[in-house]
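> Attaching a single structure in structure tokens format; questions to follow.
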Amino acid sequence: MTFLVPLPVVMPLLGAALTLLLLGRPRAQRWVSLTVLAATVAVAAMLLIQSSLHGPLVVEVGGWVAPLGIVLVADQLAALMLVVSAAVTLCVLVYSIGQGMADGDEETPLSVYHPTYLVLTAGVCNAFLSGDLFNLYVGFEILLVASYVLLTLGSTETRIRAGTTYVVVSLLSSVIFLVAIGLVYASTGTLNLAQLADRLDALPDDIRLLLQGMLLLAFGIKAAVFPLSAWLPDSYPTAPAPVTAVFAGLLTKVGVYAIIRTETLLFPGGRVATLMLVTAVLTMVVGILGAVAQSDIKRLLSFTLISHIGYMLFGVGLTSSLGLSAAIFYVVHHITIQTTLFLAAGLVERRGGTTAMDRLGGLARLSPILAVLFFVPALNLAGIPPFSGFLGKLGLVQAGIDDGGALAWILVAGGLVTSLLTLYAVARVWNLAFWRAPHPEMPAADDAEQAARTEGAVQPQQPVPSGQTGAVLPGLMIAPTVALVVFGLVLTLVAGPLFDLSSDAANDLLQRTPYVDAVFPGGAP
């Protein structure tokens, strides 16, 4: 089954090329993109099953034997990330198609959007499957190019300004990453992750610490870890809703994935565990305090995104099996829930004409289905029992208690405070935008007409001016949001097996030998 390993990268790239050839034929582009992403979900699911049953699957690209050639490795962690990311990108694509059709494609020009979106998907999948540092760098650069195009769709002044900030920060992190790659190669003579796992151990401690610090700095910027996160709240909220959703769900998690992979495989032993735990608590607390201070839903969600990255660093910094497995579980949970909330914010903007909370109100009465689509994932994000957010945080708290150190207890307290403040932040959104009386600027639509629109009685193919107050909520925008809400609930129902899978992945990461032996069956040269 190793032939499946490169397909999550190859299929989106081929799909992107095909959609470029289909410029001017939007219906054909839509079908190609949907087919490619649906196939990617299926392949990712098969890789997860195979890696769970038989261990990591390895492909040597071009037939060049490792470490001379590039290898793609699908272990349980990579396969799990592939499944979740592919499912999320498929749902967001359907949402964006619904928005584009309803808006006359003004917000998401189909001739540009589909090829770029598929290239972004390929970059995400390549980063997850990469078996060497330089190929991981290539994955990040693919993400950078595609995300800049998506971020500036519409070419408005605000989006260009935000996109410029984003690309400058991303280029800075890429330069740091590239310099770190050069130093790693100069020190060890290889960039293959499995071979580095052995060779880095032989380096002097000060050199290893320098390399580790540079890689953490590069990945920390990409993951929006405090204090390297100031760029995110000014960049993400300006993009179209589907673009913001996929950025929030996936791009920072690729940085978190890179931290997990390198800290366990290349730099075991927790040499920077204290630094990571301090960074984790600062990221949680500062991020959520920023969220509480916001008056715009998108910016509030952007700050909660930063805050909850701290939970993932918490688990990684504990360097224990339980902490790492809880972090992996929380990554899966957060990808799903954060994406769902940004999609719901896009629906709020469409129905109310804005995401500024002081200009919204009465959405629970005007659009009950929209209220449910926000309310359920908001509770999940806040960690209310019995949702998956609560279970993930419970695992992290248990891991912190088991650690028993003073800093771990501080993290436990910080996590609980952050959870309470997250609940306060989303409750504030609910009270101002959904529960209170309608704002005077809110649309006064007839209840029956609005109910029909909400249920999708008006066909999404009928154009509605972009940003129009009181606009229709197309069925193709509601359906994928519902699907992700249900997916978030399913994570709660399958929390036991998912936590077992996360534990197996964590154990393999900490042991390192399953990964190394899969790449070099006879031992690393």
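> Return one quarter of the surface area of the convex hull spanned by the alpha-carbon atoms of the stretch 1-126, equal to its mean projected area, in nm².
Values: hull surface 30.9 nm².
With the hull built on Cα positions only, its mean projection is 7.7 nm².
> Now for a separate question. Skip the ligands, DNA and RNA, and give the accessible area per residue of the stretch 35-193 with a 1.4 Å probe, whole Å². Please list the in-between numbers first.
Working: 5190 Å² over 159 residues.
I get 33 Å² per residue for this part.
> I'd like to know which of V149, M214, P204 lies farthest towards the positive end of the charge dipole of the stretch 126-265, counting +1 on Cβ of Lys and Arg and -1 on Cβ of Asp and Glu.
V149
> Pairwise over distinct Cα atoms, reciprocal of the mean inverse distance: report the Kirkwood radius of the stretch 241-332 in Å, one decimal place.
Working: mean 1/r = 0.0732 Å⁻¹.
For the stretch 241-332, the Kirkwood estimate is 13.7 Å.
> So, one more: Just the number: Rg to Rh for the chain, Cα atoms, Kirkwood Rh, two decimals.
Details: Rg = 22.2 Å, Rh = 23.1 Å.
Using Cα coordinates only, the ratio equals 0.96.
> Run lengths n ≥ 4 of DSSP H only: what is the helix-derived mean residue ellipticity at 222 nm for the chain, with -39500 (n - 2.57) per run over all residues, to the nearest 500?
On the way: 22 runs with 374 residues, N = 525.
Result for the chain: -24000 deg cm²/dmol, rounded to the nearest 500.
> Starting from the alpha-carbon convex hull of the stretch 144-243, give the projected area averaged over all orientations, in nm².
Mean projected area of the Cα convex hull: 7.3 nm².
> Oh, and also: Compute the relative contact order of the stretch 11-113 as a whole-number percentage, counting only Cα pairs closer than 8 Å that sit 6 or more residues apart in sequence.
Numbers: 98 pairs, mean separation 28.2, N = 103.
For the stretch 11-113, the relative contact order is 27 percent.
> A further question on this structure: Note down the magnitude of the dipole of the chain about its Cα centre, charges +1 on Lys and Arg C-beta and -1 on Asp and Glu C-beta and zero elsewhere, to the nearest 20 debye. Don't jump to the answer; show the numbers that get you there.
Values: 22 positive and 29 negative charges, 119 e Å.
Roughly 580 debye for the chain.
> With N set to the number of residues, divide the alpha-carbon radius of gyration of the stretch 274-394 by 2.2 N^0.38 Å and report two decimals. Walk me through the intermediate numbers first.
Numbers: Rg = 15.6 Å, N = 121, 2.2 N^0.38 = 13.6 Å.
So the Cα radius of gyration is 1.14 times the expected 2.2 N^0.38 Å.
> Rounding to the nearest 20 debye, state how big the charge dipole of the stretch 47-166 is about its Cα centre with +1 on each Lys and Arg Cβ and -1 on each Asp and Glu Cβ.
Charge dipole, the stretch 47-166, about its Cα centre: 140 debye, nearest 20.
> Continuing with this model, one more query. Taking θ as phi - 60°, what are the ³J(HN,Hα) couplings along the stretch 276-289 by the Karplus curve (6.51, -1.76, 1.60), each to the nearest whole Hz, with x for Gly and Pro?
5, 5, 5, 4, 5, 5, 5, 4, 4, 6, 5, x, 6, 5
> Considering the options Y95, L476, A437, tell which one lies farthest towards the positive end of the dipole of the chain, charges being +1 on Lys and Arg and -1 on Asp and Glu at the Cβ, about the Cα centre.
A437
> To the nearest 10 degrees, how steep is helix 368-382 against the longest Cα principal axis of the chain, on a 0 to 90 scale?
Result, in degrees: 30.
> What's the carbon and sulfur percent of the stretch 1-51's accessible surface, probe 1.4 angstrom, rounded to a whole number? Working shown, then result.
Working: 1950 of 2510 Å².
Solvent-exposed carbon and sulfur of the stretch 1-51 make up 77 percent of the total.
> How high is the relative contact order of the chain? Use alpha-carbon pairs under 8 Å, at least six apart in sequence, and give a whole percent.
17
> Quick one: compute the contact order of the stretch 303-452, relative version, from alpha carbon pairs under 8 angstrom and 6+ residues apart, as a percent. Please report the intermediate quantities before stating the final value.
Values: 171 pairs, mean separation 47.4, N = 150.
Averaging sequence separation for qualifying contacts and normalising by length gives 32 percent for the stretch 303-452.
The values are calculated or read from the model by the stated rules, or taken from the named source; none is laboratory data. From a predicted model like this one, the values you see are computed outputs, not experimental measurements. Don't worry about glycine lacking a Cβ; one is built from the backbone with ideal geometry, like all the others, and counts go over all protein chains shown. Ligands, DNA and RNA are excluded from the accessible area calculation, which covers all protein heavy atoms including side chains. Shrake-Rupley method; radii C 1.70, N 1.55, O 1.52, S 1.80 Å.
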